[in-house]
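One structure below.
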Amino acid sequence: MENTIPTTLPTLSEETELPGGFVLDTHEKCDWFLSKLADFDAEEQKIKTRAAQIIAQMEAMIARNKTDRDAFQARFYQQFQQFVAQEIAADRKGRKSIIFFNGTAAFRTVPPALVVESPQDALTTARAVCPSAITKEEREKFDREAFLAYAKAHFESTGEILPGLKRTEEQERFSIKIAAPKESAETP
């Protein structure tokens, strides 16, 4: 069989959509089929790469916006808080908030409370003085490979299939491996 690459292979829409119009009946046509699959995979990778770049750009924009917001708020926050406090003090109705067109500013009395400042120190203290505050969580993890190795040895020695398993018969499987796309020097 000759290993030549034909100069005129069909385009995807030319012959592949006609019933019986294109058949993978030669080595070259099958190689064309694999190259088209590789092209689709490469295109998917380019799309994913571009999407990751766009997401990175958006995250940078969000971070820049947050930095700008924080700097803006730091510049004016005290002035705004002082103005609101003055307006509330001047209000004869005893309100503790001021409603603006774009939001509301309010002072609220927060009752005293205990808060955990250092989780590690609090945990150590709780172990000593209040052990009922400590619970241990155990999570089961299924080691599939270890179980299958045990089940295989058990089956070989006894012929018994353990509950939860089934035995499949020998079979032929068909697979396709696409050549990895070559890295392109193009930048999107």
Quick check for you: with a 1.4 Å probe and neighbouring chains kept, what is the accessible area per residue of the chain, in Å²? 95 Å²
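Round to a whole number: what % of the accessible area of the chain belongs to carbon and sulfur, probe 1.4 Å?
Solvent-exposed carbon and sulfur of the chain make up 56 percent of the total.
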Kindly rank 164-172, 38-46 from highest to lowest mean number of other beta carbons found within 10 Å of each residue. 38-46, 164-172
Over all Cα pairs of region 87-145, how is the pair count split among 10 Å bins, expressed in % and running from 0 up to the last occupied bin? 15, 22, 15, 16, 20, 9, 3, 0
Proximal lysine pairs, the chain, alpha carbons under 16 Å, eight or more residues apart or interchain: 6
Please report, in whole Å, how far the alpha carbons of the chain spread along each principal axis, starting with the longest. 98, 60, 33
Relative frequency of Cα-Cα separations exceeding 14 Å in region 24-109, percent: 79 percent
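Rounded to two decimals, what ratio of Rg to Rh does region 81-188 give with C-alpha atoms and a Kirkwood Rh?
Values: Rg = 33.7 Å, Rh = 24.1 Å.
Reported Rg/Rh (Cα atoms, Kirkwood Rh): 1.40.
The values are calculated or read from the model by the stated rules, or taken from the named source; none is laboratory data. What you are looking at is a predicted structure, and each value in this text was computed from that prediction instead of being measured. Note that each Cβ is placed from the backbone with ideal geometry, even for glycine, and that neighbours are counted across all protein chains shown. The accessibility values were calculated without ligands, DNA or RNA, using every heavy atom of the protein model including side chains. Shrake-Rupley method; radii C 1.70, N 1.55, O 1.52, S 1.80 Å.
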